[in-house]
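Some notes on the structure that comes next.
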Amino acid sequence: MQVWAAHSPVRSLYISGCKSSSYLTGYPRNLVDHFHTASVNIQRLAGSMRTLRLLTTGRVITTVNPAKLTGDCFRDFSGLKLASLRFQDVGSSSRTWRRTRGYLGHIKNGPNGYIPFPPRTHGFLYYHPPPPWAHDLAGEIRFRITKDSDPSSFASGHDLLAQGMPWSVTLLFNAPISASFRNVLLRDGLLSEDQTRRMERMEPWRSKITAKSRLIHSIGQPFALPLGTNRNAWMTTRYIVPGIIDGRDVLKSFDVASGAGSLWGYDAGPDETRVLKDAIAIVHFEPWVHPRYKKRRCVALRIRRLLNYDGLPGNLLDDHPGHGAAGHLLHSLGPVRGKVWYHDLDQGSVAWRYLRLPPEGGTTGL
């Protein structure tokens, strides 16, 4: 394993946890559970009677281990703006349990709330571990869409996507629902007690988690990069990297920016440069040798795929905004000429130096 400096696609959702209202704390626990959803404005949260039914009847999450899934683990989020999940967490004693509830949204749409989950969003929540060379706490919860509630359909299903990347719940952010998932993973044996303690000791990430805040752990890991068209605007996208400082797990961030006066594009030939407008590029970092400063440790951005700005591919190949762009290095196009976008890992935020480098021949998929 190669590590660049110290140690090293959140994605598209904002996660919130809801607790029982304080005026219910004097009642027995079962009554608090029963009346919990009455303490919030269901229509304001979700705007859907279907959500009301889910909030009051959802089954407890018992496992996220693909090998242990049963028909009771099947969930249907179709058309919901917020999906409610119920957890049974271990209390202060290993013999005591408490019920908690968390809410998941699909894609945050600014002040307008959430974009509903797409039709036929039914399947299983499951744990997707990090690759062997990555930070060991960088796993995430994903949603596998399947044709029915039979767990045998898991292998032939596909992950729910948001802006071209798998929709996910990262376990490292300081959200109540992340803690609940960690307890499930501990019972599943997918996380150790030491790993859960390390997560609990991490300093909370204090910035608002939005579609522009993604967890990245490795060179070669695909992620989504929005590409705008306003040459006069300074556009930045923030990414968050797990690392270790003095034996302590931390989260740090870096920004990928296109400066005022620049646009994104790629070199389509000796005398042709194409500009990318209103698109989302699925890209990855890869080592890049600077033509003048060959000893610098630089990375460039390789385009894997381009999507429309709504995260969907074009209907026809010729209408696809990135026709012919896949496989090219991303260029920053200034007013005079374009050049390959790159970053020197020894410059800027320490987060750049937490990115892990896969072993030779190693690749990272979605």
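The values are calculated or read from the model by the stated rules, or taken from the named source; none is laboratory data. Remember, it's a predicted structure, so these values are computed and weren't measured experimentally. We place every Cβ from the backbone using ideal geometry, glycine too, and count neighbours over all the protein chains shown.
What the table below lists for this structure:
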{"quantity": "The lone exception for Pro242 - which of (1) farther than 13 Å from Trp352 by Cα; (2) modelled with pLDDT of 80 or more it fails", "calculated": "(1)"}
{"quantity": "Residues located in the stretch 152-181, provided they are part of a helix (DSSP H, G or I) and touching a Lys or Arg at 6+ places or on another chain (Cβ under 7 Å)", "calculated": "Ser153"}
{"quantity": "Test: residue in the stretch 152-161 that is farther than 21 Å from Tyr354 by Cα, out of contact with any His (no Cβ under 9 Å at 6 or more places or on another chain), modelled with pLDDT under 95 and not assigned by TED's automatic domain parsing to the domain that holds Arg248", "calculated": "yes"}
{"quantity": "The stretch 120-138, residues that are within 11 Å of Phe77 (Cα to Cα) and surrounded by fewer than 21 Cβ atoms within 10 Å (Cβ to Cβ)", "calculated": "Arg120, Thr121, His122"}
{"quantity": "Residue count for the stretch 101-133, restricted to those that are in contact with a Leu (Cβ under 6 Å, 6 or more places away or on another chain) and closer than 30 Å to Glu360 by Cα", "calculated": "1"}
{"quantity": "Pick from the stretch 271-285, criterion among the aliphatic types (A, V, I, L, M) and part of a strand (DSSP E or B), ranking: nearest to Arg356 (Cα to Cα)", "calculated": "Val283"}
{"quantity": "Among residues of the stretch 127-151, those that are more than 11 Å from the chain's Cα centre (by Cα) and assigned to a strand (DSSP E or B), counted", "calculated": "5"}
{"quantity": "Residues satisfying the stated conditions in the stretch 286-317, i.e. modelled with pLDDT of 90 or more, in a loop (DSSP other than H, G, I, E, B) and surrounded by 12 or more Cβ atoms within 10 Å (Cβ to Cβ)", "calculated": "Val289, His290, Arg296, Arg297"}
